[in-house]
Structures are given as C-alpha cells and as structure tokens.
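Quick notes on the structure that follows.
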Amino acid sequence: MKVGQVLLKGATIVSMDDVAGDLDEGDILIEGDRIVAIGVRLEVPDAEVVDLRGRIVIPGLINAHLHTWQTGLRGIAANWTLLEYFRWMHAGLATCFTPDDLFCATQVGALNQINSGTTTLVDWCHNNPTPTHTDAALDGLLDAGIRARFMHGSPKPDPKPGQPHFSEIPHPRAEVERLLRDRLGKNTGRVDLGLAILGPHYSTLEVARHDIRLAREHGLIASMHQGGGTEKAPRGWEALDEDGLIGPWINIVHGNDLSDERLARLVALGVSFSIAPEGEMTQGHGFPIVGRLRALNAAPTVGVDLESIMSGDMFSVVRMALGMQRAFDNAASRQSHGQIPETSTISTREALSWITTAGARMLGLTDRIGSLTPGKQADLVVIDARAINMRPLHDPVSTVVMQTSLANIESVMIAGEWKKRAGQLLASDIDRKLDRLAESGRRIARAMNLRTAA
Ligand SMILES: [Zn+2]
C-alpha cells in the first residue's frame, strides 16, 4: 500500500535542527507519520500539496509539566499560595473527583494543548485514588490524540484516622505493572508511561528509594516535585546519591530551593529539570532556576503546571521564563559593572529550545520529536505570520517566541495527522465536551463550598 505523502510548500521553516537549519521559503515532505525531507522547492509528483506561504512552521511544542486533571477548575486557585493550594486542592477539591471528572478534564485540557501548539504533553496526573480514575484520565488523553507521557502519581489527601500519611505510602507496584501490561508502552507509543513520584521532598526516604527503584526496574522516568514547605526526607538527595539511584531517569520539577552544590551534583548526574515559571512565582516556590541551570551548562524544560491558576499557553510561560532571567542577568550586570550587559544574555532561539529540543531530551525522545528533522515524527505547528500582530517578519524565531498568540496557531499536526486545521480544532462536539467539563467543575467546587459562577 502506498503511504500518503503531504508536501508543505513555501513556509518559513524554523526547524531547531542543526542540519536542516532555518529556511525563508522551504518545503517539508511528510510520509505517513514521519518527516522524510526538508528543502527548497521539493518536487514530489503525487504528493498532496499544502500552500503555506506567509506561515512559519516550527516543531510541535513540548509542555513538560501539566496537571491536566485540574482543567475543570480553571482560575480557581489563581489567588492561592502554595499553602492554600495544598489545603484546598490536594486535601480538598482533589478528593471530590469521580473518574468521569478526570476524563473530561484530561480530554479538554489535552485538546486545549493541541489548540495552543503543544504536540507532546507531560501529563502529571497525581489524582489517581483508584485504577478506574486512572483509566478514565488515560481515556481522556487517548481520545484527544495528543502525544503524551502519562506520569502516574498518587493523591495527597489528609489521612483519615488510622491511615498512614501519603508520604509513607510507596508507589503502587501492581498498578504500574497493570498499566504497562494492559494500557501503555515505554517510549514507543503515542502515549507512554512515566512515574509521578513523591521524591525526597514529599515522601520518606524509604518511600523515595522504593519508588525510584520501581521506576528503574521498568525503565521509566521518575518525576518528582521539589520544593515548597518542609522536606520530608532531610538529606534525602545525599542518601539517594550514595545509593546510586540518581541519573538521567530522574526529572525534578521546580527545584527552586536546592542549594547550588546540590543542583550542580544533580546536573552532573544527568538529572533533567522542569520549571513552571508562572506558577512558581505565583505560589511562592521562589525564583525559577533558569539562570542557575544555564550556569551549569544545562537547560530547563518548561511547563504550564496548573490551569487552575493560569493559561495553558506555552508561549506565555516561556516568555515569562525568558523575561525573568534576562531581568536577573541585567540586574546582576548593573550591580557588578554599573551598567547593563552589552547584549542580551539569552537569545529567543535558546528560549524556543527549552520547549522543543530540551523537552525531547528530558523524555528520552530525541530520535522522534523536538525538531523538524527527516526521520522524526511529523509533529509540527503552522503559525500564520500574515496577521496584524506578526508582520513584518524580520527574525522568524523572535517573532515566534515574542509575538505569537493563540490566534496565530493556524494548524497543528501530530504524527502526520492534522489535529487543527485552518484555525479549527479537529475534534467532535467541542461545545458538548465543554458543557460536560463545566458541569464537572461546578460540581467539584460546590462540594467544597467554593464560590463559582453559575
Ligand atoms: Zn506540578
């Protein structure tokens, strides 16, 4: 059977690939789920041609951290500090979720990511009280058709009398094995499994050891929040280091409170870092560690974290990470040299790499995603550069990072399939899905007596 060929013609291409480079007017040939060629005036007689003059094509964005299950609670936590968030979200609202609530939040949240240009989502799902909840969240993710790493995590309720605190409960082995057996692969499918564990900040050392070993045994990433409040396992990182349990399979989220020495050691061991700049500044984590990672020749990956606080749009959060670190660097230069730096300390291209190539590296998927490269998956975003907020185009990378809004995301392709085309998300019954999500969100908020609009 002949595989269908699609030829994207005449676009400005920002490939984020050193060999393919950037093209002012280039073509991309797609065959099945893969990119097979990038070049100028490609001639492919039988291909379906898509005229993309006036558009910029970039690799699909990689959102490194999102609790998609909170989509139905949009805006509800926008005025909460981290302490309020723990009390009201994890010990409160999270406990009111039915499997159906997880389904519609994950489905709509993932569709919104596609609509905004994200093609790979790290869905950090830590509201899985039962396997039925987990299956429902997964069904939502699969239904949306996004590429994803489903990070399976445990909820954080207040313990009932006689029950252990969540920090003392090891990650459920049987559930991980069920998911691998029945539902998900490892680095091979559209949706793969990872572990959202508590780690030494949120669990005892014994639990952290158990959970990392479980992830290692199955070749999975172990991702964990680090920071906010008192750590459960003081000197936990030192102990895990001595045990040889730290390596590229570890992903740390936030990390604002790590000492310089500890951060350097973790980077040297190959640990990846995911920051959520807007949420970290809002909730009280501290300053995002962009500059501290750069000083160690490491790059952050960037995530939205919480639609219960902010927009799900990746360009907003990456601009925040870039602007914040430039401000720090400029202030440091003023202080040490009495003047601003001769040139910007961080380029817009580097910022774009945080949400493309760095994300792919973190997920161990550099051979499949992160750049427009022949042989990789056809995950891409078409940005309309003809709009009033985009013209004239002098520096396509800077226009992409600094000017692009949701209104400019014209089309999105995942694995060679259009998921959004000509400004329209290609999903059925969006209004019905949104009504169902609104009903779910209102019911959860009402259960906690939180004020919510009718
Ligand atoms: Zn988080």
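The values are calculated or read from the model by the stated rules, or taken from the named source; none is laboratory data. Since the structure is predicted, the reported quantities are computational estimates derived from the model, not experimental observations. All Cβ positions, glycine included, derive from the backbone under ideal geometry; neighbour counts span all protein chains shown.
Here are the numbers for this structure:
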| quantity | calculated |
| --- | --- |
| Contacts under 9 angstrom Cβ, first residue in the stretch 273-302 being at positive phi, partner away from the ligand (no atom under 13 Å from the Cβ), 6 or more apart | Gly284/Thr81; Gly284/Leu83; Gly286/Asp257; Asn297/Val267 |
| Boolean, Leu184 is among the hydrophobic types (A, V, I, L, M, F, W, C), away from the ligand (no atom under 16 Å from the Cβ), within 30 Å of Thr357 (Cα to Cα) and in contact with a His (Cβ under 8 Å, 6 or more places away or on another chain) | no |
| Residues being in a helix (DSSP H, G or I) and either modelled with pLDDT of 95 or more or not assigned by TED's automatic domain parsing to the domain that holds Asn330 (or both) - total across the stretch 282-300 | 6 |
| Qualifying residue in the stretch 223-237 (condition: under 18 Å from the mean Cα position of the chain (by Cα), more than 16 Å from Ser154 (Cβ to Cβ), within 16 Å of the ligand (Cβ to nearest atom) and not polar (S, T, N, Q)) | no |
| Residue within the stretch 46-66 that is within 26 Å of the chain's Cα centre (by Cα), acidic (Asp, Glu) and in a strand (DSSP E or B) present | no |
| Residue in the stretch 436-453 that is part of a loop (DSSP other than H, G, I, E, B) and under 25 Å from the mean Cα position of the chain (by Cα) present | no |
| Filtered residues of the stretch 312-323 (kept if farther than 11 Å from Pro277 by Cβ and either more than 16 Å from the ligand (Cβ to nearest atom) or not assigned by TED's automatic domain parsing to the domain that holds Met224 (or both)) | Asp313, Phe315 |
| Test: Arg368 is surrounded by fewer than 24 Cβ atoms within 10 Å (Cβ to Cβ), assigned to a loop (DSSP other than H, G, I, E, B) and within 17 Å of the chain's Cα centre (by Cα) | yes |
| Residues of the stretch 280-311 satisfying the condition of being touching a strand residue (DSSP E or B) at 6+ places or on another chain (Cβ under 7 Å), within 16 Å of the ligand (Cβ to nearest atom) and more than 19 Å from Gly109 (Cβ to Cβ) | Glu280, His285, Pro288, Ile289, Pro300 |
| Filter result for the condition that a residue is touching a Gly at 6+ places or on another chain (Cβ under 9 Å), surrounded by fewer than 22 Cβ atoms within 10 Å (Cβ to Cβ), hydrophobic (A, V, I, L, M, F, W, C) and over 30 Å from Met281 (Cβ atoms), over Ala20, Ala37 | Ala20 |
| Test: residue in the stretch 65-86 that is among the acidic types (Asp, Glu) and free of Cβ contacts under 8 Å to residues at least 60 places away in the same chain | yes |
| Any hit, the stretch 204-226, residues being assigned by TED's automatic domain parsing to the domain that holds Val318 and at pLDDT below 95 | no |
| Residue match in the stretch 143-155 (condition: over 21 Å from Glu278 (Cβ atoms) and assigned to a helix (DSSP H, G or I)) | yes |
| Filter result for Leu245 (assigned by TED's automatic domain parsing to the domain that holds Gly229, away from the ligand (no atom under 16 Å from the Cβ), in contact with a helix residue (DSSP H, G or I) (Cβ under 6 Å, 6 or more places away or on another chain) and touching a residue at least 12 places away in the same chain (Cβ under 8 Å)) | yes |
| Verdict on Leu269 being surrounded by fewer than 20 Cβ atoms within 10 Å (Cβ to Cβ) and either at pLDDT below 95 or touching a strand residue (DSSP E or B) at 6+ places or on another chain (Cβ under 9 Å) (or both) | yes |
| Whichever residue in the stretch 32-45 is in a loop (DSSP other than H, G, I, E, B) and on the phi < 0 side of the Ramachandran plot and, among such residues, is farthest from the ligand (Cβ to nearest atom) | Pro45 |
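Each row is one residue, and each column tells you yes or no for (1) within 16 Å of the ligand (Cβ to nearest atom); (2) in a loop (DSSP other than H, G, I, E, B); (3) within 24 Å of Val302 (Cβ to Cβ); (4) aromatic (Phe, Trp, Tyr).
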residue	(1), (2), (3), (4)
Pro157	no, yes, no, no
Ser167	no, no, no, no
Asn251	yes, no, yes, no
Asp257	yes, yes, yes, no
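A quick yes/no check of all residues on (1) surrounded by fewer than 22 Cβ atoms within 10 Å (Cβ to Cβ); (2) within 16 Å of the ligand (Cβ to nearest atom); (3) assigned to a helix (DSSP H, G or I):
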| residue | (1), (2), (3) |
| --- | --- |
| Gly75 | yes, no, no |
| Trp80 | yes, yes, no |
| Gly109 | no, yes, yes |
| Leu121 | no, yes, no |
| Asp135 | yes, no, yes |
| Leu141 | no, no, yes |
